[in-house]
Amino acid sequence: MSPKSFIYNIELAQFFQKIGGTVYDKVLSKIIKNGKDNDLKTAVRLMWGVNPPEMKLCLEIVKKTTSTKIWRDVQGLIFGTGVVHGEYGLSNAYKNKAERIKVYKIKGTQEEIRRVEKFKIKIIKSLQEAAKREEQNADEETQLQKLKFRG
């Protein structure tokens with residue numbers, strides 16, 4: 001595995017998931033524990049192969065680095081939703097993710113905890129804003145469809 005072998009990492013993550021059990025989490029945890037940016041980038045690439053990403057592992061990555069590039073990659077992972085259903089599907093997915101992130105508690109040094117809390121505040125705000133935008137878009141689309149149907 002490496003931070004650059006994107007396709008291979010995705011296939012490997014899917015393989016680990018098919019094996020089942022805790023193999024996937026154990027491998028990722030070991031990579032994240034090293035804490036070097038290259039290891040963390042590799043972990044993020046591995047996580048792209050699984051939907052939804054394990055939120056605790058995402059926050060463990062954030063705990064280990066101050067790299068804004070890695071934080072953006074983790075944010076991208078968190079924003080991924082997979083398939084959603086219904087007019088408010090995407091909005092509800094974002095709201096649910098924001099609520100799930102709120103409850104996670106990370107152990108570590110004071111600096112690591114501050115880092116994760118800072119990230120949590122940022123990502124929760126982004127998810128809530130995205131949920132609101134998606135809900136507004138769904139409402140507008142519903143109104144357009146009603147006008148077309150009546151028209």
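Please treat every number below as a calculation from the coordinates, not as lab data. This one's a predicted model, so the numbers in the text were calculated from it and none came from an experiment. Cβ atoms come from the backbone with ideal geometry, glycine included; neighbour counts cover every protein chain shown.
A Cβ-based charge dipole, computed about the Cα centre of segment 18-151 with Lys and Arg at +1 and Asp and Glu at -1, lands at about 460 debye. If R0 is taken as 22 Å, the Cβ-Cβ distance between Tyr104 and Lys125 corresponds to a FRET efficiency of 0.90. Here the simple spin-label model places points 7 Å from the Cα toward Cβ, and for Lys30 and Lys132 these points are separated by 4.5 nm. For a straight C-alpha distance cut-off of 18 angstrom, the lysines reachable from Lys97 (same-chain residues fewer than eight places away being disregarded) are Lys56, Lys105, Lys118, Lys120, Lys122, Lys125, Lys132. Sorted on the mean count of surrounding Cβ atoms within 10 Å across their residues, most packed first, peptides 131-143, 112-124, 59-71 read 59-71, 112-124, 131-143. Would you mind computing, in nm to one decimal, how far apart the modelled labels at Glu87 and Lys146 are, each placed 7 Å from Cα along Cα→Cβ? Each label point is offset 7 Å from its Cα along the Cβ direction, giving 0.8 nm. A straight chain from Glu117 to Phe79 at 0.36 nm per residue would run longer than the Cα-Cα distance by 11.9 nm. Extending 7 Å from Cα along the Cβ direction at Phe15 and again at Lys56 yields two label points whose distance is 2.6 nm.
For segment 6-150, the Kirkwood radius over C-alpha pairs fed into Stokes-Einstein at 20 °C and 1.002 mPa s yields D = 130 µm² per second.
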